[in-house]
Every structure is written in C-alpha cells, then in structure tokens.
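What follows is a set of notes on a single structure, which appears directly below.
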Amino acid sequence: MVSDSGGLEEFRHEIRQWCATNIPPEWRRDQTGASDEAFVQFQKEWFQQLRKADLAVPHWPAEWGGGMSVAKQTILYRELAAHDAPRLVLPFVSIHHAASTLLSAGTEAQRTRHLPAILNGEIWCQGFSEPGAGSDMAALKTSARRDGDGYIVNGQKLWASGALHADWCLLLARTDPAAPKRHGISYFLMDMRSPGIEVRPIRQATGESHFCEIFLNDVFIPGDQLVGPENKGWTVAQETLGAERGMTMLELAERLGTGGFQWVLDLCRSPGADGRRPIEDAVVADRLATLDIEVTGLRILCQEFVEQRSAGPADASIVKLYYSELLQRMTDFGTEIAGLATHTELQKPLSSGWESGTWALDFISSWEWTIPGGTSEIQRTIIGERGLGLPREPRGK
C-alpha cells in the first residue's frame, strides 16, 4: 500500500519506488501477440496489483476506496507513464463510466452491489451506440417494454468496447416510442449473462477485436436495475459521457505528455537508415517543439478542468476534442519519422496506450478517439452552443 498522507514530493518518491518494484519488466514482450485469454488474465492481475497499493481507483470518493487529491493523481499517472506501466484497458469502462454513473445516479443498493464488485474485478461495457444511432444517440431504437416487475429488451448495440469479456453493461433503451426522441429513453444496468444476449467481436484495421456488437433478443432486465427515473435516461447518460470526456482525460493526458512524447523524442534522436538523426532537421525539430507545447497545454488544461468543481457545460468537450486530435497529430508524426519500418509491425503490445510506439498501428487506432463519446463534429457543436452561446442547430422531433 502506498501512503497518501504525506506531501507531494514524498508521495512522488513512494510512487517511483512502487513502480520500480511492481511493474512487470517484460510486459511489453509478453503482451505482444498475446492471446485474448492472456490479455484478460494479465489485465485482471495488474488491476489487483494496483488495488492492493490503493492506486486502482484514486478518482473515486474516499468511502469507496479513492479520495486522492487531483495533484497526487497527476503525479501518479505521470510516474506510471514515465515508468512505462501497462494501462488498465479492460476495466476502463468499469472504473470510469460505470462508477461515475452509479455514484451520481444509482441507488444505494446499486452502488453497494456493484462498486465493491468492480474492485474485485467485475468488468463493464457500454451499450449506447447502434447501427443507426452513433453520434446521434437520441435516434436509438433498442426497445425496453414493461413486463411485470421488469423490462423486455430487444435491439442491437454497436462499438461496445470489451463487451466480449464484460459481466455487466450500461444500456440505453427506448421505453416510450411516442415521446420526443430524448425524452423516451431509459438507462439500465444489464447482466451480460442474461438469456437472449449474443456478443460478436468486430475485427478492426489493427487486427484487434476490441469493439463488439451486442444483439438483444427478449432480454429480461429486473426493474431494480433501472438507473434514474423511467424515460429520463438521456440525463443520466450525460453523466456517463461527462466521465468519458472528463476524468479519464487526466490519465490519458499524462500518458500522451509523458510516455507518448518521450517515444517521439527518442525516435527523433535515434539515427535513421542513413545514420542521420531526424532531430537534426530543422523542420522536424520545429514540429517536435510544437508537439511539446501542445502536450504541455493539454496537461494543464486537464488538470485545471478536473480541479474545477463547477466546470462549464462545454469544458469536457474541449478537453476531449483537444486530446483526440492531438493524439492523431502525434501518432501521424511518429509514423512519418519511423518511416517504412513501422509499416511492417503488425502487432502492438496489448495493455499499452494509444501511443505505444508502434506508430502505424497507433495512428490507425488514434481515429477511435475522434469518434466514440461524440465525434469531433459533435464536440464542436457542444462547444459552440453551450460554451460560446451560438444559435442552436434545428432539432429533430
């Protein structure tokens, strides 16, 4: 266990010591080309290792196992990135999206049931997007019909990260088809072992199958798994999306600014095939300096956003938009500098971040971030309307 009671420098020293003795030294080698089972096993073991040190959920309230200050969280994520620690990929939705939703809108019974279970390894996925309702989430058609003391759900979900290994799902379904689009949606907790659920992995351009389709055929969800009032799921979903665009960014910004930028810097300092170091080129040095400024700005922006208790309605969108497009620029630059050699790398280490140093695959993966949780176009609309007060787009019924 790492003590959280001392000052920042004392805490930084403790984290460095912990990283030096606890990060598996060969994890990159072992996770490159690893089987799905090996990935899941490694992720669960790494999560429990962090949990034993009270480092797995620092952003949660103290009564549930967190309570770490933002300043210490920043140090934690910075040191984990600097020591090239694995990322918590598999429990990402569990510890961020699910936890924030339960804490803000769940019942006490739901929190008591699920938060300790998440700490024990319960895995969650998110069932928001559909074939005809991605960024236009209000257009979703999956239905939930009242049936006794519960609901019968039918429909299809798409782009559900990690659904193949999930125990539970955050599910949006339409409970009032006659209501205006955003007013007839309800928010459920769905047990993925329920009869009628079929999960199909989607093979991605990188060769991975992180995303999945979920088919729902007469799935019964008990009434006590409804989150918030019936037909008010849109409001609850905004809390989930706020977590995706907000607290998660503190870690991701440090990963990009510390780990990712260091990979780029090392690449630019290394001699190429002609013996010259790319950083000696003035154009490369200028682009590197620009990236340095941008990642520094991102880290400051994220820290200030998370520290604010009364962040504006567009702040999370600003952070998400800035991060996702900077990730694309950095991985694009890395791919260009790495040259043809990076295009022969067909596998990247599982359990790594979006900036693993396998540049061509990192660049392909980076496009994920400009789409889920609301595309860059959606984020710009939110920033324009809610942040700048520009006229609203015409809304469909």
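Computed quantities for the displayed model
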read-out	value
Failed criterion for Ser352 (all others in (1) part of a loop (DSSP other than H, G, I, E, B); (2) among the polar types (S, T, N, Q); (3) in contact with a Leu (Cβ under 6 Å, 6 or more places away or on another chain) hold)	(3)
Total residues in segment 30-69, condition under 19 Å from Arg299 (Cα atoms) and open to solvent by 30 Å² or more (accessible area, probe 1.4 Å)	2
Output for segment 310-329, where each listed residue is touching a residue at least 60 places away in the same chain (Cβ under 8 Å) and open to solvent by less than 10 Å² (accessible area, probe 1.4 Å)	Ala314, Ser317, Val319, Lys320, Tyr323, Leu326, Leu327
Filter result (open to solvent by 40 Å² or more (accessible area, probe 1.4 Å) and basic (Lys, Arg)) within segment 255-270	Arg269
Selected residue (only one of Arg276, Arg287 is without any contact (Cβ under 8 Å) to a residue 24 or more places away in the chain and over 18 Å from Leu80 (Cα atoms))	Arg276
Some residue of segment 104-114 being surrounded by fewer than 16 Cβ atoms within 10 Å (Cβ to Cβ) and touching a strand residue (DSSP E or B) at 6+ places or on another chain (Cβ under 9 Å)	yes
Candidate set from segment 214-230 (those that are surrounded by 17 or more Cβ atoms within 10 Å (Cβ to Cβ) and closer than 26 Å to Ser317 by Cβ); member that is nearest to the chain's Cα centre (by Cα)	Val227
Single residue of segment 358-387 satisfying the filter (part of a loop (DSSP other than H, G, I, E, B) and at pLDDT below 90) that is surrounded by the most Cβ atoms within 10 Å (Cβ to Cβ)	Gly373
Condition met for Thr101 (open to solvent by 10 Å² or more (accessible area, probe 1.4 Å) and of a type in the set (S, T, N, Q))	no
Residue match in segment 310-330 (condition: in a loop (DSSP other than H, G, I, E, B), among the aliphatic types (A, V, I, L, M), at pLDDT below 90 and out of contact with any Asp or Glu (no Cβ under 7 Å at 6 or more places or on another chain))	yes
Single residue of segment 336-353 satisfying the filter (open to solvent by less than 70 Å² (accessible area, probe 1.4 Å) and under 23 Å from the mean Cα position of the chain (by Cα)) that is nearest to Asp36 (Cα to Cα)	Leu350
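The values are calculated or read from the model by the stated rules, or taken from the named source; none is laboratory data. On a predicted model such as this, the values are computed, not experimentally measured, just so you know. Please note: Cβ atoms are built from the backbone with ideal geometry, for glycine as well, and neighbour counts cover all protein chains shown. When the accessible area is computed, the model is the full protein with side chains, heavy atoms only, and any ligands, DNA or RNA have been set aside. Shrake-Rupley method; radii C 1.70, N 1.55, O 1.52, S 1.80 Å.
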